[in-house]
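Some notes on the structure that comes next.
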Amino acid sequence: MNYQTCCCTGHRPKGFPYRYGVDELKHRNFLELLKEKTILAYRKYGVTNFISGMAIGVDLDFAETVLYLRDTENYPFSLECAIPCRNQTLKWSEPDKLRYNSLLTRANSVNLISEQYTPECMLKRNRYMVDKSSVVIAAFNGIEKGGTWYTIKYAKSKNKIIELIDLCKIN
């Protein structure tokens, strides 16, 4: 069966049960699981199109994973960046902005969901990604509140396939 499109939802650095960017071993293990789920989406469901919401944390890690698999391991992948609002990076550090901009230039497409920031633009972006996808990779810390939890519940309500990465089980 060919499902074609997969998005990813997950936490920003403060939502990880380990110190994101500090605990290198756990983060490498997380990135390996993310890579495995991305390859699984391709092999099991026929996914070749991937969507990242481009937030710091899981989203940027996912975008990098897709591009790595496309550019280094020659998977037939395309990356869409779903930008919640034009000024998403307004309060970001310079290194995070550089990382973000580098990913945007390497993406196959970039879609702006809302012209300006609104209290709903992140959730609107998440719904857009789920609605366009058949498979959702969810990196989840088990806390049933916030954007990641909302997106998982939304994906379930839309009968999407969810491939879960339990962040609390990463060694």
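The values are calculated or read from the model by the stated rules, or taken from the named source; none is laboratory data. Everything numeric here is computed off the predicted structure, so don't read it as measured data. Here the Cβ positions follow ideal geometry from the backbone for every residue, glycine too, while neighbour counts run over all protein chains shown. Quick note on the areas: whole protein, heavy atoms, side chains included, nothing else; ligands and nucleic acids left out. Shrake-Rupley method; radii C 1.70, N 1.55, O 1.52, S 1.80 Å.
Worth a mention:
- Kirkwood-based shape ratio for region 44-109, expressed as Rg/Rh from alpha carbons: 0.98
- Of LYS37/LYS153; LYS14/LYS158; LYS124/LYS145; LYS91/LYS124; LYS35/LYS160; LYS124/LYS156, pairs whose Cα-Cα distance is over 26 Å: LYS14/LYS158
- Percent of Cα-Cα distances greater than 21 Å, calculated over region 74-171: 45
- Max mean-square fluctuation residue, GNM over the chain, Cα-Cα springs under 10 Å, options GLU64, GLU80, GLU144: GLU144
- With the convex hull constructed from alpha-carbon coordinates only, region 1-130 shows a mean projected area of 8.0 nm² over all directions.
- Take the Cα of SER93, step 7 Å toward its Cβ, do the same at GLU73, and the gap between the two points is 2.8 nm.
- Accessible solvent surface per residue of the chain, calculated while the other protein chains remain in place, 1.4 angstrom probe, Å²: 51
- Proximity of backbone amide H atoms, modeled 1.01 Å from N, is registered between SER78 and ASN49, PHE50 at under 5 Å, excluding neighbours fewer than 5 places apart on the same chain.
- Couplings for region 11-27, taken from phi via the Karplus curve 6.51 cos²θ - 1.76 cosθ + 1.60 with θ = phi - 60°, read 8, 7, x, 5, x, 7, x, 10, 7, 4, x, 10, 7, 5, 5, 4, 5 Hz in order; Gly and Pro are left as x.
- Cα centroid of region 98-169 to Cα centroid of region 27-93, whole Å: 11
- Taking amide H atoms as placed 1.01 Å from N in the peptide plane, the amide H of GLY10 lies under 5 Å from those of ALA139, each 5 or more residues away in sequence or on another chain.
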